[in-house]
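Peer 1: Structure provided below as structure tokens; questions to follow.
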Protein chains: 2
Amino acid sequence: MDQRQDDQFRFLLAIDKLKTVLRRSVLSDQSRRENSAEHSWHLATLALCLKEYAEGPVDILKVITMLLLHDIVEIDAGDMFVHSTEQQEKQHEKEVMAARRIFSLLPADQSATYHALWEEFDGGDSAEAKFARVIDRLEPVILHEATDAIVWRKHGTTHSQILRRLGSIENDAPRLWPRVKRVIDSAVATGALIED
Amino acid sequence: MDQRQDDQFRFLLAIDKLKTVLRRSVLSDQSRRENSAEHSWHLATLALCLKEYAEGPVDILKVITMLLLHDIVEIDAGDMFVHSTEQQEKQHEKEVMAARRIFSLLPADQSATYHALWEEFDGGDSAEAKFARVIDRLEPVILHEATDAIVWRKHGTTHSQILRRLGSIENDAPRLWPRVKRVIDSAVATGALIED
């Protein structure tokens, strides 16, 4: 066994824990909450099938790599769904620390590459990061639509909170926005989202 | 809303069910059985990190696409772990039917592309299919190693059954084989695999 391969397998075992990190979303059959590993699979598959809706050309392998890796920081930091700026900043600090620890398990070249991709996703500036972030916000919308927005309802979510979370889709993937807007408008109409 | 986008979203909602298909494997923390969606995420991430061990050049985006999509037939066919040839043939028939139904939810161009990739993986002949199949067999080995092979132990698995399942790794990714062989040999030594 060489050290390089040992390090790769240590990383690949460590990230198995992402399967135990629970998100707020529930599956479409409402049987249980979604975990972050299966969410990441769904995201990568969405990116594949919906790449034609990216604004301008994107390197889809880069987008998918970002989506497969971006949530692994939750192994240390948890998946905290927060609307306050102060809490968001604290969560972000935890995620930055987690990215350093987890990617450093890998050999130096892979660690640097994947850490840089994680930061690029986190920054949200490149075409790939913008599209990856659209996909990350879009997947829960599919589940909300399938479950009569039970999760929004349960948490007393407001219309303006969701517009702050999802509004960037209008700019970054305008051809997907009408579908997202329809789900939001319908949730407001049925009272699943609180009008504020 | 256009029909094309509606069809894409119908597919992307339908495959959410893969999160409810349970495999034989248990997670590394032994808290529960693994599902096929989170397994597919782990496979795609393994393929990314281990691509240097493929024999010859492979199109890694194609490998990852195969791995993201190859298990969705289990939504209809289930994940049946079988060692008898007769059962394997029956299971394969179910999967072929499932692939037809599920990929046909997509627009025709995507349906044809993904169905062909599924068949290519299933055939196992191209360099990409061979590497994808190595990865599909390798991920459970990581979990077996982490859990003292509890699943092999529980099901009375034999050494020769596992060699038939994993032996192709020796040819298709020889630099990964010593690690796999070490896990198998250790499981035989501890009695987790029955010597036959």
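The values are calculated or read from the model by the stated rules, or taken from the named source; none is laboratory data. On a predicted model such as this, the values are computed, not experimentally measured, just so you know. Neighbour counts run over all protein chains shown; Cβ positions are idealised from the backbone, glycine included. When the accessible area is computed, the model is the full protein with side chains, heavy atoms only, and any ligands, DNA or RNA have been set aside. Shrake-Rupley method; radii C 1.70, N 1.55, O 1.52, S 1.80 Å.
Peer 1: Just to be sure I understand: with springs between alpha-carbon atoms less than 10 Å apart, which residue in B:T157, B:T65, B:T113 has the highest mean-square fluctuation in the Gaussian network model of chain B?
Peer 2: B:T113
Peer 1: Here's another thing I want to ask about it. May I ask you to report, in nm to one decimal and beginning with the shortest, the distances from A:D196 to the same position in the other copies, taking label points 7 Å along Cα-to-Cβ?
Peer 2: 6.1
Peer 1: Now a separate question. Using 0.36 nm per residue, how much length does the chain from A:R32 to A:D148 gain when fully extended, once their Cα-Cα distance is taken away?
Peer 2: 40.3 nm is the gain from fully extending A:R32 to A:D148.
Peer 1: A:N171 versus B:R4, label points 7 Å from Cα toward the beta carbon: distance in nm?
Peer 2: Result: 2.6 nm between the two label points.
Peer 1: Quick one: if you stick a label point 7 Å off each Cα along the C-beta vector at A:T85 and B:R164, how many nm between them?
Peer 2: It works out to 6.5 nm between the two label points.
Peer 1: Can you give the angle from 0 to 90° between the axis of helix A:127-146 and the longest principal axis of chain A, with both taken from C-alpha atoms, to the nearest 10?
Peer 2: Orientation of helix A:127-146: about 50 degrees from the principal axis.
Peer 1: Further, regarding this structure: Taking only DSSP H segments of four or more residues, each worth -39500 (n - 2.57), what value at 222 nm results for chain B once the sum is divided by all its residues, to the nearest 500 deg cm²/dmol?
Peer 2: After summing the helix terms and dividing by the residues of chain B, the value is -20000 deg cm²/dmol.
Peer 1: Classify the range A:39-144 as rounded, prolate or oblate, taking a ≥ b ≥ c as the square roots of the eigenvalues of its Cα gyration tensor: rounded when a/c is under 1.5, otherwise prolate if a/b is larger than b/c and oblate if not.
Peer 2: oblate
Peer 1: So, one more: If you split all Cα-Cα distances of the range A:90-194 into 10 Å bins from zero, what percentages do you get per bin, shortest first?
Peer 2: Whole-percent P(r) values from 0 Å outward: 14, 35, 28, 18, 4, 0.
Peer 1: What is the distance, in nm, between label points placed 7 Å from the Cα along the Cα-to-Cβ direction at B:D59 and at B:R24?
Peer 2: Placing both labels 7 Å beyond Cα along the Cβ direction yields 3.3 nm.
Peer 1: Still on this structure, I have one more. Please list, in chain and number order, the residues 5+ apart from B:L193 or on another chain whose amide H is under 5 Å from its amide H, with Hs placed from the backbone.
Peer 2: B:V188
Peer 1: Another question, then. At A:E86, label 7 Å along Cα→Cβ: distances to the other copies, nm, ascending?
Peer 2: 6.9
Peer 1: Provide the buried accessible surface between chains B and A in square angstrom, both chains summed, 1.4 Å probe, rounded to the nearest 100.
Peer 2: Buried surface at the B/A interface: approximately 4600 Å².
Peer 1: Could you state the angle between the C-alpha long axis of helix A:108-123 and the longest principal axis of the C-alpha atoms of chain A, as a value from 0 to 90 degrees rounded to the nearest 10?
Peer 2: Rounded to the nearest ten degrees, it is 20.
Peer 1: Right, another one. When the accessible area of each residue in the range B:121-163 is compared between its chain alone and the complete protein assembly (1.4 Å probe; ligands, DNA and RNA ignored), which residues differ by at least 40 Å², being lower in the assembly?
Peer 2: Those are B:I142, which lose 40 Å² or more relative to the chain on its own.
Peer 1: Ranked from highest to lowest mean number of other Cβ atoms within 10 Å per residue, what is the order of the peptides A:140-151, A:4-15?
Peer 2: A:140-151, A:4-15
Peer 1: Right, something else. Note every residue of the range A:1-33 with a reduction of at least 50 square angstrom in accessible area, all protein chains present versus the isolated chain, computed with a 1.4 Å probe, or write none.
Peer 2: A:M1, A:Q5, A:F9, A:L12, A:L13, A:D16, A:K19
Peer 1: Using a Gaussian network model of chain B with C-alpha springs under 10 Å, which one of B:S36, B:S104, B:S84 is most mobile by mean-square fluctuation?
Peer 2: It is B:S84.
Peer 1: OK, next. Considering only protein heavy atoms, what per residue accessible area in square angstrom results for the range B:100-196 with a 1.4 angstrom probe?
Peer 2: The answer is 45 Å² per residue.
Peer 1: Would the range B:1-76 count as rounded, prolate or oblate if I go by the C-alpha gyration tensor, calling it rounded below 1.5 in a/c and otherwise prolate when a/b exceeds b/c, oblate otherwise?
Peer 2: It is oblate, given that a/c is not under 1.5 and a/b is not larger than b/c.
Peer 1: Could you go through the range B:35-51 in sequence order and give the Karplus-derived ³J(HN,Hα) for each residue, using 6.51 cos²θ - 1.76 cosθ + 1.60 with θ = phi - 60°, rounded to whole Hz, and x for Gly and Pro?
Peer 2: 9, 6, 6, 5, 4, 5, 4, 5, 4, 4, 6, 4, 4, 4, 6, 10, 4
Peer 1: Then there's this: Hey, for A:S168 with labels 7 Å out along Cα-Cβ, what do the inter-copy distances come to in nm, ordered shortest first?
Peer 2: 4.1
Peer 1: Right, something else. With a 1.4 Å probe and all protein chains kept in place, how do A:K62, B:K90 rank by accessible area, largest first?
Peer 2: Reading off the accessible areas and sorting them downward yields B:K90, A:K62.
Peer 1: Report, to the nearest whole %, how much of the accessible area of the protein assembly as shown belongs to carbon and sulfur atoms, 1.4 Å probe, protein only.
Peer 2: 51 percent
Peer 1: I need the shape label for chain B. Rule: rounded when a/c is under 1.5, else prolate if a/b > b/c, else oblate, with a, b, c from the alpha carbon gyration tensor.
Peer 2: Prolate, because a/c is 1.5 or more and a/b exceeds b/c.
Peer 1: Report the GluC sites (Glu not before Pro) located in the range B:1-73 that are in a DSSP loop and have at most 16 other Cβ atoms inside 10 Å of their Cβ, or state none.
Peer 2: B:E55
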